[in-house]
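Below: one structure, written as structure tokens.
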Amino acid sequence: MLTPPKSLVTLGASFLTTRTARRLRNGSSDHAAQHKQLKTLLAAQQDTAFGRENGLEKNLPYEKFRERVPLRAYEGYIPWIERMKTGEANVLWPGRCNFYAVSSGTTAGRTKYLPITDAMLEHFRKAGLDSLLYYTARVGHTGVFHGKHLFLGGATSLTPMAPSPDGHQSYAGDLSGITALNLPDWIEKHIYEPGSDIAQMTDWPAKIAAIVQRTLRRDITLLAGIPSWILILAEELLKAGAKGKHRPVNLQALWPNFECLIHGGVPIAPFADELRAVCGPTVNFHEVYPASEGFIAAQDADSALGLRLMCDAGIHYEFLPMDDYHEDRLGLLGARAVPLAGVKPGVDYALVMSTPAGLCRYIIGDIVRFVSTDVPRLVYAGRTKLQLSAFGEHVIEKELTDALTIVCQRHKWKVVNFHVAPVFVNAIAGARRGHHEWWVELKPLSVETPTGPVLAAELDAELQRLNDDYEAKRKGGGLTEPVVRLVMPGVFEHWMRETGKWGGQNKMPRCRGDRDIADQIAAIARFSPDS
């Protein structure tokens, strides 16, 4: 297939930007789009094994759909996905599935495999392009399409899965790698960086070095990635761009046409000031909300207004109020979930998705809150399960608990309480990388005296064993070693009493993505996070 010349790409971007801006102004079209998405999904799934078992039909009314299909988390889909992985066709979606996005963070095990069907790839292509058009529509020009877009994503090298009995071969890997391998020709030729060879690299330090050498003198107009990794790349680029004693002040000094930083997946607030400094004063930040299960939302206005739900990109959304959420009885809560037309601003909802991968009424584990409903804009409010992901490490509460339990059992130490929080980059204090800070209270008078450094080293090793993303961030330099603060007896009790959480069914939050609780504990224990 012939790829269009660059001039036609920029011309097409201008046309699509005008059309997108017109569509975004019409918020009422989103409800109609959601109705259409559900109808399309039902038509595709009605002749699959899942569709037959759940009574799916092309023109099934939403109320009947809600009655027939229970809510499910990933664990509820494991039997279906396992059938697909053996090469069986027409299980959750018509045909066979060739790709599986590997994602950690499920309580059922270390890794979950999310099917990426051809229709799902088309969803990611459309939603990814739409997210860029949201940007050009809000800034009023298409200059970002004149240069190259550098995506700091996962490795595109995929792992072959066990072939089916008839020889069908499927592959597993990082979602960003799968989508990069399936880019349209015109994007790969005119837009995408760092190129296919570098994209395949799995060694992150080597990959960063290769990206620096390839892109240092290129016309980069857009950079996308997780904030902590962008800062590492920027540091290496500025170092490599130095001439004698003169070091570039920011990335715009290297890339004069650099105008857009795309971020998503982790909160940007702890990194915003440093990102602004290293990128340049006129770079626009553009927030997106992607997940392995689908591309959910993107910024279409000022960031304070939230992210626009992508209603016409192939996914049907529902929202379960968190007041009704109970993890152990999701199958009974289907009637409590509401479609887009039923949401209210300011309410926390567990996000429910039906996707062209065949995941139907799937609880992905995210909590969202609508800022507005006339124009559907939302913010990410957290996870249904506690987790740490300030640096893209996706460590859940269970993994933290398991790691501490294993280490303490090894030394015959007994845990009273603990809490884990991130310590963010702090250029003033000289901290160029983030890390985890553990606050741990152990019972006194153990045979072996515990020390913070011993605990920290062993917790670090256990978490790397338990969690692939944490291991990647530690080995790649995105996270430094954790710090353990051993506190005196009574510190956690004092905090719980002070906050009205002592007694009854109250539990100590094991982790948070911010430092609210950690800083309160620090004040009680008289520790400084920078000490």
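The values are calculated or read from the model by the stated rules, or taken from the named source; none is laboratory data. From a predicted model like this one, the values you see are computed outputs, not experimental measurements. So basically every Cβ, Gly included, is an ideal-geometry build from the backbone, and we count neighbours across all protein chains shown.
Output the residues belonging to the range 178-206 that are assigned to a helix (DSSP H, G or I) and within 24 Å of Glu88 (Cα to Cα).
Ile178, Thr179, Leu181
Which strands (runs of 3 or more DSSP E) does the range 255-326 wholly contain that include 1 or more residues that are surrounded by 23 or more Cβ atoms within 10 Å (Cβ to Cβ) and among the hydroxyl-bearing types (Ser, Thr, Tyr)?
In the range 255-326, 284-291, 316-321 are the strands (runs of 3 or more DSSP E) which contain 1 or more residues that are surrounded by 23 or more Cβ atoms within 10 Å (Cβ to Cβ) and among the hydroxyl-bearing types (Ser, Thr, Tyr).
Can you tell me which residues in the range 446-490 are among the aliphatic types (A, V, I, L, M) and assigned to a helix (DSSP H, G or I)? First the steps, then the outcome.
Initially, the range 446-490 is screened for residues among the aliphatic types (A, V, I, L, M), giving 447, 454-457, 459, 461, 463, 466, 472, 479, 483-484, 486-488.
Matches in the range 446-490: Val454, Leu455, Ala456, Ala457, Leu459, Ala461, Leu463, Leu466, Ala472.
What pairs come out if I take residues in the range 36-49 that are touching a residue at least 40 places away in the same chain (Cβ under 8 Å) and pair them with residues that are among the hydrophobic types (A, V, I, L, M, F, W, C) and outside any loop (DSSP other than H, G, I, E, B) whose C-beta lies under 8 Å away, six or more apart or interchain?
Close Cβ pairs satisfying both conditions: Leu38/Phe65; Ala44/Ala119; Ala49/Trp80.
Just to be sure before I move on: is Leu92 buried (at least 16 other Cβ atoms within 10 Å of the Cβ) and more than 27 Å from the chain's Cα centre (by Cα) in the structure I sent?
For Leu92, the condition - buried (at least 16 other Cβ atoms within 10 Å of the Cβ) and more than 27 Å from the chain's Cα centre (by Cα) - is not met.
Among the residues of the range 228-240, are any more than 19 Å from Cys260 (Cβ to Cβ), without any contact (Cβ under 8 Å) to a residue 12 or more places away in the chain and of a type outside the set (Asp, Glu)?
Yes.
Among the residues of the range 496-531, write down those that are outside any loop (DSSP other than H, G, I, E, B) and modelled with pLDDT of 85 or more.
Glu498, Cys511, Asp516, Ile517, Ala518, Asp519, Gln520, Ile521, Ala522, Ala523, Ile524, Ala525
Check every one of the helices (runs of 4 or more DSSP H) wholly within the range 12-72 and list those with 3 or more residues that are among the hydrophobic types (A, V, I, L, M, F, W, C).
Fully inside the range 12-72 and qualifying: 29-45.
What's the number of the only condition in (1) out of contact with any strand residue (DSSP E or B) (no Cβ under 7 Å at 6 or more places or on another chain); (2) closer than 12 Å to Cys360 by Cα that Leu71 fails to meet?
Every condition holds for Leu71 apart from (1).
If Arg410 meets every condition in (1) assigned to a helix (DSSP H, G or I); (2) in contact (Cβ under 8 Å) with a residue 60 or more places away in the chain apart from one, which number is that one?
Going through the list (1) assigned to a helix (DSSP H, G or I); (2) in contact (Cβ under 8 Å) with a residue 60 or more places away in the chain, Arg410 breaks only (2).
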